[in-house]
Amino acid sequence: MTVSLIYWIGFFAFIIVMLALDLGVFHRHNDTPTIKSSLLWSAFWIGLAFAFAGGIWVLGGSEPSLDFITAYLLEKSLSIDNLFIFILVFGFFKIDPKYQHRLLFWGVFGALVMRVLFIFAGVALLDKFKWLMIIFGIFLIVTGVKMLFEKKDGDTDLNDNMIMKVLRKLLPFKEDASQAKFFVKIDGKKMATQFLMALLFIEASDIIFAVDSIPAVLSVSQNTFIVVTSNVFAIMGLRSLYFALSGILPLFRYIKYALSVILAFIGVKMVYNEVADYLDWSFHISNIASLVVIVSLITLSIVASIIVDKALKRRRL
């Protein structure tokens, strides 16, 4: 699928307009988003993504459209980890819910810029060094297996986190969450607030997540337009999804297991397909198979979590 410059310009112009409307019109006041409005915004972004996939089908055919949907659902699934980070960070820094949307806006904006740069770099590397697909695949397999057997701690203290330790060393820090400001002046000295520390922590965490998700999405397609647009649509809907699900997200106890298996499966797919190309084998793991695996595992993990949660509640009665 060949994409002309006009489509790139049109896509990024649309995203910039939507970001401007989001912050300047729809959420110009520091109000806590309601569950209803968050669900409507989530539905809007999901519907927009599938409408975009329909446009790709019309312009480029069924194969790139399927690639987009698979890449979008894969990135959407893996971004669930970001939602858990949002809950953890906002709780640790005591960010008032009415300020969380504005903070997430800048977090998402930074993530969009970094993801686009990472994707262009990843596509350029794979174009020159095809064997890197095997390295990426092995990395995803190891990450998935490690996540699967990782012990879940109770309360996480971010003071012990390496990112937090680095931020405290680099920035003079004032524990103040009373105003939605990134800097305050104390005795003539500019100091970072909890809002800036929370934002930087979220951005740093997204870079770490991108190390997993970008290679994974490149297993679906190396078409830069498909990979970039699917990532952007998945990330743009993260804020509304967070506010819609933040109350019940911790109940999804088996999501981590689903994500770990998805990562390992994508890693196996990358390694196998690359070896199959080298040895001229006819069978390849298709994107349709990836789509089925992703949807099935996420659905199964959510259903299992709900059933177990209800069973535990009945035992307590």
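The values are calculated or read from the model by the stated rules, or taken from the named source; none is laboratory data. Just so it is clear, the model here is predicted, and its values are computed rather than measured. A quick note on method: Cβ atoms are made from the backbone with ideal geometry, for glycine too, and the neighbour counts reach across all protein chains shown. Surface accessibility is based on the protein's heavy atoms, side chains included, excluding ligands, DNA and RNA. Shrake-Rupley method; radii C 1.70, N 1.55, O 1.52, S 1.80 Å.
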Working only within segment 243-265, note down all residues that are of a type outside the set (Gly, Ala, Ser), within 16 Å of the chain's Cα centre (by Cα) and closer than 15 Å to Glu75 by Cα.
Ile255, Lys256, Leu259, Ile262, Leu263
Which ones in segment 106-132 are assigned to a helix (DSSP H, G or I), in contact (Cβ under 8 Å) with a residue 24 or more places away in the chain and more than 16 Å from Asn231 (Cβ to Cβ)?
Trp106, Asp127
Kindly indicate whether any position in segment 139-158 is open to solvent by 50 Å² or more (accessible area, probe 1.4 Å), touching a strand residue (DSSP E or B) at 6+ places or on another chain (Cβ under 8 Å) and at pLDDT below 75.
no
Qualifying position, being surrounded by fewer than 17 Cβ atoms within 10 Å (Cβ to Cβ), within 18 Å of the chain's Cα centre (by Cα) and either at pLDDT below 90 or of a type outside the set (Asp, Glu) (or both), among Val295, Val228, Val308, Val303
Val295
Right, Ile163: of a type outside the set (D, E, K, R), within 19 Å of Met114 (Cβ to Cβ) and at pLDDT 80 or above or not?
no
Restricting segment 46-94 to residues that are touching a residue at least 24 places away in the same chain (Cβ under 8 Å), small (Gly, Ala, Ser) and closer than 14 Å to Asn223 by Cβ, the one surrounded by the fewest Cβ atoms within 10 Å (Cβ to Cβ) turns out to be Gly61
If His284 satisfies all but one of (1) farther than 26 Å from Ile214 by Cα; (2) in contact with a Lys or Arg (Cβ under 9 Å, 6 or more places away or on another chain); (3) open to solvent by 30 Å² or more (accessible area, probe 1.4 Å), what's the number of the condition it fails?
(1)
Pair list, Cβ under 6 Å, 6 or more apart: segment 275-302 residue of a type outside the set (A, V, I, L, M), other residue in a loop (DSSP other than H, G, I, E, B):
Asn287/Val220; Ser301/Tyr254
Give segment 237-272 a look and list any residue that's surrounded by fewer than 20 Cβ atoms within 10 Å (Cβ to Cβ) and either of a type in the set (Ser, Thr, Tyr) or without any contact (Cβ under 8 Å) to a residue 60 or more places away in the chain (or both), or say none.
Ser246, Ile248, Leu251, Arg253, Tyr254, Tyr257, Ser260, Tyr272
Give the residues of segment 166-177 that are open to solvent by less than 100 Å² (accessible area, probe 1.4 Å), at pLDDT 70 or above and aliphatic (A, V, I, L, M), sorted by residue number.
Val166, Leu167, Leu171
Cross-chain or 6+ apart pairs with Cβ under 8 Å, segment 194-223 first and under 30 Å from Trp131 (Cα atoms), then of a type outside the set (Asp, Glu) and not in a helix (DSSP H, G or I):
Phe209/Ser79; Ser213/Ser79; Asn223/Met1; Asn223/Val3
Tell me, which residue of segment 8-45 that is open to solvent by 60 Å² or more (accessible area, probe 1.4 Å) and among the hydroxyl-bearing types (Ser, Thr, Tyr) is modelled with the highest pLDDT?
Thr34
Among the residues of segment 261-270, are any in contact with a Phe, Trp or Tyr (Cβ under 8 Å, 6 or more places away or on another chain) and either of a type in the set (A, V, I, L, M) or at negative phi (or both)?
yes
